[in-house]
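A.B. asks: Quick one: the structure is below, questions incoming.
Values quoted throughout were computed directly from the atomic coordinates according to the rules given, and no laboratory measurement underlies them. Just so you know, these numbers come straight off a predicted model, no measurement behind them. As a convention, Cβ positions derive from the backbone with ideal geometry for all residues, glycine included, and neighbour counts pool all protein chains shown.
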Amino acid sequence: MSDIDQVVTRTRRIEGLLRTRFHARGRGLHQLITDSEERLPREVIAKLRYVATVRNKMLQEDNFELEDRKQFVQICTLCEKELTPRSGRFIWGVAIALMTLLTVAAAFFYYVNWAEFSVHL
């Protein structure tokens, strides 16, 4: 995947999160950040501005090259993680833990009482 593809793909995901989760309005990433700035976590705003600046330079300047692709991807991943609601991850974690606990409890129950149940089979 080329640098342009990488930058566009990652920034479109971030734009989608800003529009859906933070109800941001605007045309570009900078406008979306400005519109939802009061609802965004403070530590992520500067990172989002960096991502938006790199995106604009990549698309508008002829000879722009992404200097540190790994750093850009890490910052995008961090931004996506910060913009993704935590409650969904928490709820899924609780649901999986609960299902695991119930399965282990049922297996233990059958292990302990197998002698009584095997007579009826």
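A.B. asks: Just need the relative contact order of the chain here, percent rounded to a whole number, with Cα pairs under 8 Å and 6+ apart.
C.D. replies: Normalised by residue count, the contact order of the chain is 27 percent.
A.B. asks: Not counting the cut sites, what is the longest span of the chain without trypsin sites (Lys or Arg not before Pro) that DSSP labels loop and that have at most 15 other Cβ atoms within 10 Å? Each step should come with its number before you reach the end.
C.D. replies: Details: sites that count: R25, R27.
No qualifying site falls inside 28-121, the longest such stretch.
A.B. asks: Could you point to the residue in H23, V73, A46 farthest towards the positive end of region 1-84's charge dipole, with +1 and -1 charges on the Cβ of Lys/Arg and Asp/Glu respectively?
C.D. replies: H23
A.B. asks: Let me ask you something else. In region 32-74, what GluC sites (Glu not before Pro) fall in a loop by DSSP, with at most 16 other Cβ atoms inside 10 Å?
C.D. replies: Passing sites in region 32-74 are E61, E65, E67.
A.B. asks: Charges only on Cβ, +1 for Lys and Arg, -1 for Asp and Glu: so what's the dipole of the chain about the Cα centre, in debye to the nearest 20?
C.D. replies: For the chain, the charge dipole is close to 320 debye.
A.B. asks: In Å and from the alpha-carbon atoms only, list the Rg and Dmax of the chain.
C.D. replies: In order Rg, Dmax, the Cα atoms of the chain give 23.5, 80 Å.
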